[in-house]
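Just below is one structure, and these are the notes that go with it.
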Amino acid sequence: MPEVETEIGRYLDRRAAVDWYRANRRRTAEIFEMLAPEAYHDRPIALRNPIVFYEGHLPAFSVNTLVKRGLGQPGIDPRFEVLFERGIDPEDESAVPGAPAAWPPRVEILAYGARADRAIVEALETKDVTREDSPVLARGLAAYTILEHEPMHQETLLYMWHRLPYGKKRAPEGAPRPVLGGDPPGRATVRVPAGLATLGAKTNAVAFGWDNEFAEHVVEVPGFEIDIDDVTNRDFLEFVRAGGYEREDLWSEEGWLWRGENDVHHPAFWERSGDDWTWRGMFEPLPLPPGWPVFVSHAEASAYARWRDSRLPTEAEFHRAAYGTSAGSERSYPWGEEPPDRTRGNFDFARWDPVPVGSFPAGASAWGVRDLLGNGWEWTSTVFGPFPGFEPMPSYPVYSTDFFDGKHWVMKGGSLATANPLLRRSFRNWFRGNYPYVYATFRTVRGT
Ligand code: AVJ
Ligand code: FE
């Protein structure tokens, strides 16, 4: 297969693109194979579409983006390409848009997916998918867009699966056993001195980035003190026991409203069993592992931080803690320049649940801050917004813009279900502050 050189001198290697596409599709199929057939129309999260939507969304998004918008060719089935075009993100259950009365039968969705796969593979193998005279195709933009979109939704699927009853899913063969660990280390902190943080990326420095990653810019960050480890279940249990969920003074106005309207008294991954707590593991309930990072909403994280007389890090502080060095240079990854592998953190679908904090010394940053990539996204105190120079991406112009509404918060890092390519420094994730279902944890900072 010929290699296609882009103007930045990197390659969208046709063979590599096809392999990546097929590997994505295989992983999606494996994730669906974990489901019992009865779960297919379930809606484990009321603020998202039912499961059936996602099996159609993945191929339909690829056809809409690469085949139709990119190559200007007709799609495969206009009905599916509208029905499965885009997910939802309502503020609360009262704002959930009406769903179709009946979704297409699964056999039809699978048949559509198979046709889509043939069309995408044919395009990647034989069509000019890096034409420089097309904004949608230049540098392989549409191809990268579909190749990174699929793993993002694999994470969506998995955090939905986490909410399903155990009778509706089963572990794939060879699934690793949960590592419960013992008591976590104490709550140690480290001082990060004032310095510069480079946010975003230069267009020419990365093969691909989503629109919200541009443009690159440098921010001056005052000194601060940051937790070496993520806040653990044990730490958060102290907040629960101290009545943190009952103290309005600790919560933002929206956070307090959400807490009250939904009767929230503990993290969504926890269940009370008498005087004890259970953690809803992916395939089995577990006695609350004290050393696992706590998974909570932004509202819960912020209330906890206030209770500790601290706050969440800004996006720029996360960058300083993760990528800065005392010499003033910045790294590509917390540990240096080597690409991510299994020794650096809990990411890339290696496991179905988190592991104790501090399990990957080889992943620590220059300051000794641990687990910055993997084991849970990290909430920041930064409202999701455009960087200076932002422009909507031609391959999917609504990717970010609809979410620049002041109601979404930046998350950095990555989780157990974040694919390696998404672990680049400039990648930004975001959710509403009242969304407690995602694999998101946090750490606290003090200073200025
Ligand atoms: C960036 C993870 C918030 O899941 O809603 C998927 C990614 N956008 N399809 C989401 C996304 C369109 C998005 N997040
Ligand atoms: Fe999507």
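Do we find a residue being more than 17 Å from the chain's Cα centre (by Cα), open to solvent by 40 Å² or more (accessible area, probe 1.4 Å), near ligand 1 (Cβ under 10 Å from one of its atoms) and under 23 Å from LEU137 (Cα atoms) anywhere in segment 388-397?
No, the conditions are met nowhere in segment 388-397.
Kindly indicate whether any position in segment 270-280 is outside any helix (DSSP H, G or I), free of Cβ contacts under 8 Å to residues at least 24 places away in the same chain and touching a Phe, Trp or Tyr at 6+ places or on another chain (Cβ under 9 Å).
Here is the first cut: in segment 270-280, the ones outside any helix (DSSP H, G or I) are 270-280.
Remaining after also requiring free of Cβ contacts under 8 Å to residues at least 24 places away in the same chain: 271-276, 278.
From what is left, the residues that are touching a Phe, Trp or Tyr at 6+ places or on another chain (Cβ under 9 Å) are 271, 278.
Yes, segment 270-280 has at least one match.
Taking only segment 332-351 into account, find how many residues are of a type outside the set (S, T, N, Q) and touching a residue at least 60 places away in the same chain (Cβ under 8 Å).
Here is the first cut: in segment 332-351, the residues of a type outside the set (S, T, N, Q) are 333-342, 344-345, 347-351.
Applying the additional criterion that residues be touching a residue at least 60 places away in the same chain (Cβ under 8 Å) yields 333, 339-340, 345, 347-351.
Number of matching residues: 9.
Does segment 149-165 contain at least one residue that is more than 25 Å from the chain's Cα centre (by Cα) and either at pLDDT 95 or above or of a type outside the set (A, V, I, L, M, F, W, C) (or both)? Quick ask: steps written out before the conclusion?
Step one: of segment 149-165, the residues more than 25 Å from the chain's Cα centre (by Cα) are none.
No, the conditions are met nowhere in segment 149-165.
Take segment 302-329 and flag every residue that is without any contact (Cβ under 8 Å) to a residue 60 or more places away in the chain and in a helix (DSSP H, G or I). Even if it seems obvious, please write down each step before you answer.
If we filter segment 302-329 for residues that are without any contact (Cβ under 8 Å) to a residue 60 or more places away in the chain, which is where we start, we get 306, 325, 327, 329.
The answer is ARG306, and nothing else.
Can you give me the number of residues within segment 104-124 that are out of contact with any Asp or Glu (no Cβ under 8 Å at 6 or more places or on another chain) and open to solvent by less than 50 Å² (accessible area, probe 1.4 Å)?
Residues flagged as out of contact with any Asp or Glu (no Cβ under 8 Å at 6 or more places or on another chain) and open to solvent by less than 50 Å² (accessible area, probe 1.4 Å) within segment 104-124 amount to 9.
Out of PHE318, PHE349, report the one residue that is on the phi > 0 side of the Ramachandran plot and either modelled with pLDDT of 95 or more or more than 19 Å from the chain's Cα centre (by Cα) (or both).
Of the residues listed, the single one that is on the phi > 0 side of the Ramachandran plot and either modelled with pLDDT of 95 or more or more than 19 Å from the chain's Cα centre (by Cα) (or both) is PHE349.
Looking only at segment 63-92, how many residues end up being among the β-branched types (Val, Ile, Thr), without any contact (Cβ under 8 Å) to a residue 60 or more places away in the chain and either outside any helix (DSSP H, G or I) or surrounded by 15 or more Cβ atoms within 10 Å (Cβ to Cβ) (or both)? Explain how you work it out, then say what you get.
Initial filter on segment 63-92 (among the β-branched types (Val, Ile, Thr)): 63, 65, 67, 76, 82, 88.
When the remaining residues are screened for being without any contact (Cβ under 8 Å) to a residue 60 or more places away in the chain, the result is 63, 67, 76, 82, 88.
Now narrow it down to the ones that are either outside any helix (DSSP H, G or I) or surrounded by 15 or more Cβ atoms within 10 Å (Cβ to Cβ) (or both): 63, 67, 76, 88.
Number satisfying all stated conditions: 4.
In segment 20-62, what count of residues is obtained for those that are among the aliphatic types (A, V, I, L, M), more than 20 Å from VAL398 (Cβ to Cβ) and either assigned to a loop (DSSP other than H, G, I, E, B) or more than 16 Å from ligand 2 (Cβ to nearest atom) (or both)?
8
Can you tell me how many residues within segment 281-296 are part of a loop (DSSP other than H, G, I, E, B) and either at pLDDT below 95 or not acidic (Asp, Glu) (or both)?
Step one: list which residues in segment 281-296 are part of a loop (DSSP other than H, G, I, E, B), which gives 281-284, 288-292, 294-296.
With either at pLDDT below 95 or not acidic (Asp, Glu) (or both) added as a condition, the list becomes 281-283, 288-292, 294-296.
Total meeting the criteria: 11.
Among the residues of segment 432-447, is there at least one that is within 10 Å of the chain's Cα centre (by Cα), within 21 Å of PHE208 (Cα to Cα) and either modelled with pLDDT of 95 or more or within 10 Å of ligand 1 (Cβ to nearest atom) (or both)? Spell out how you get there, then give the answer.
Kept after step one, since they are within 10 Å of the chain's Cα centre (by Cα), are these residues of segment 432-447: 438-440.
Restricting the remaining residues to those that are within 21 Å of PHE208 (Cα to Cα) gives none.
Within segment 432-447 (the criterion being within 10 Å of the chain's Cα centre (by Cα), within 21 Å of PHE208 (Cα to Cα) and either modelled with pLDDT of 95 or more or within 10 Å of ligand 1 (Cβ to nearest atom) (or both)), the answer is no, since none of the residues qualifies.
Can you say whether ALA60 is open to solvent by less than 10 Å² (accessible area, probe 1.4 Å), within 16 Å of ligand 1 (Cβ to nearest atom) and not β-branched (Val, Ile, Thr), as far as the supplied structure shows? Give the derivation first.
Details: open to solvent by less than 10 Å² (accessible area, probe 1.4 Å): yes; within 16 Å of ligand 1 (Cβ to nearest atom): yes; not β-branched (Val, Ile, Thr): yes.
Yes, satisfied.
Of the numbered conditions (1) out of contact with any Gly (no Cβ under 6 Å at 6 or more places or on another chain); (2) under 27 Å from TRP270 (Cβ atoms); (3) not aromatic (Phe, Trp, Tyr), GLY414 satisfies every one except a single condition; which is it?
Exception for GLY414: condition (1).
Testing ALA299 on (1) over 19 Å from the mean Cα position of the chain (by Cα); (2) of a type outside the set (Asp, Glu); (3) assigned to a helix (DSSP H, G or I), one condition comes back false. Which one is that?
(1)
I'm checking my understanding of the structure. Among residues of segment 264-279 that are farther than 16 Å from HIS298 by Cα and not aromatic (Phe, Trp, Tyr), which one is surrounded by the most Cβ atoms within 10 Å (Cβ to Cβ)?
The extreme case among them is THR278.
Among the residues that make up segment 288-307, is at least one of them open to solvent by 20 Å² or more (accessible area, probe 1.4 Å), under 24 Å from TRP409 (Cα atoms) and not hydrophobic (A, V, I, L, M, F, W, C)? So that I can check it myself, show each step before the final result.
Let us first name the residues in segment 288-307 that are open to solvent by 20 Å² or more (accessible area, probe 1.4 Å), namely 288, 290, 302, 306-307.
Pick out the ones that are also under 24 Å from TRP409 (Cα atoms) and you get 302, 306-307.
With not hydrophobic (A, V, I, L, M, F, W, C) added as a condition, the list becomes 302, 306.
The answer is yes, given that some residue of segment 288-307 is open to solvent by 20 Å² or more (accessible area, probe 1.4 Å), under 24 Å from TRP409 (Cα atoms) and not hydrophobic (A, V, I, L, M, F, W, C).
Where residues in segment 332-353 are closer than 21 Å to PHE283 by Cα and touching a Gly at 6+ places or on another chain (Cβ under 6 Å), which of them is surrounded by the fewest Cβ atoms within 10 Å (Cβ to Cβ)? Step through it out loud before you land on a result.
Start the filter on segment 332-353 by keeping residues that are closer than 21 Å to PHE283 by Cα, which leaves 346-353.
Narrowing the set further to residues that are touching a Gly at 6+ places or on another chain (Cβ under 6 Å) leaves 346-347, 353.
Working: ASN346: 28, PHE347: 27, ASP353: 25.
It comes out as ASP353.
Scan SER365, SER426, SER400 and give me the residue that is farther than 20 Å from ARG234 by Cβ, open to solvent by less than 20 Å² (accessible area, probe 1.4 Å) and free of Cβ contacts under 8 Å to residues at least 60 places away in the same chain. It would help to see each step written out before you state the result.
On the way: SER426 fails: free of Cβ contacts under 8 Å to residues at least 60 places away in the same chain; SER400 fails: free of Cβ contacts under 8 Å to residues at least 60 places away in the same chain.
From the options SER365, SER426, SER400, the qualifying one is SER365.
In this structure, does PHE224 turn out to be under 29 Å from TYR166 (Cβ atoms) and of a type outside the set (Asp, Glu)?
Numbers: under 29 Å from TYR166 (Cβ atoms): no; of a type outside the set (Asp, Glu): yes.
Spelling it out, it is not the case that PHE224 is under 29 Å from TYR166 (Cβ atoms) and of a type outside the set (Asp, Glu).
Which of the residues that make up segment 152-178 are of a type in the set (Ser, Thr, Tyr) and within 16 Å of ligand 1 (Cβ to nearest atom)?
Our first condition is that a residue be of a type in the set (Ser, Thr, Tyr); within segment 152-178, this holds for 156, 159, 166.
Selection gives THR156, TYR159.
Taking LEU12 as meeting all but one of (1) within 15 Å of ligand 1 (Cβ to nearest atom); (2) surrounded by 20 or more Cβ atoms within 10 Å (Cβ to Cβ), write down the number of the exception.
Here LEU12 meets the rest and fails (1).
The values are calculated or read from the model by the stated rules, or taken from the named source; none is laboratory data. Remember, it's a predicted structure, so these values are computed and weren't measured experimentally. Don't worry about glycine lacking a Cβ; one is built from the backbone with ideal geometry, like all the others, and counts go over all protein chains shown. Accessible surface is based on the protein model in full, side chains and every heavy atom, while ligands, DNA and RNA are left aside. Shrake-Rupley method; radii C 1.70, N 1.55, O 1.52, S 1.80 Å.
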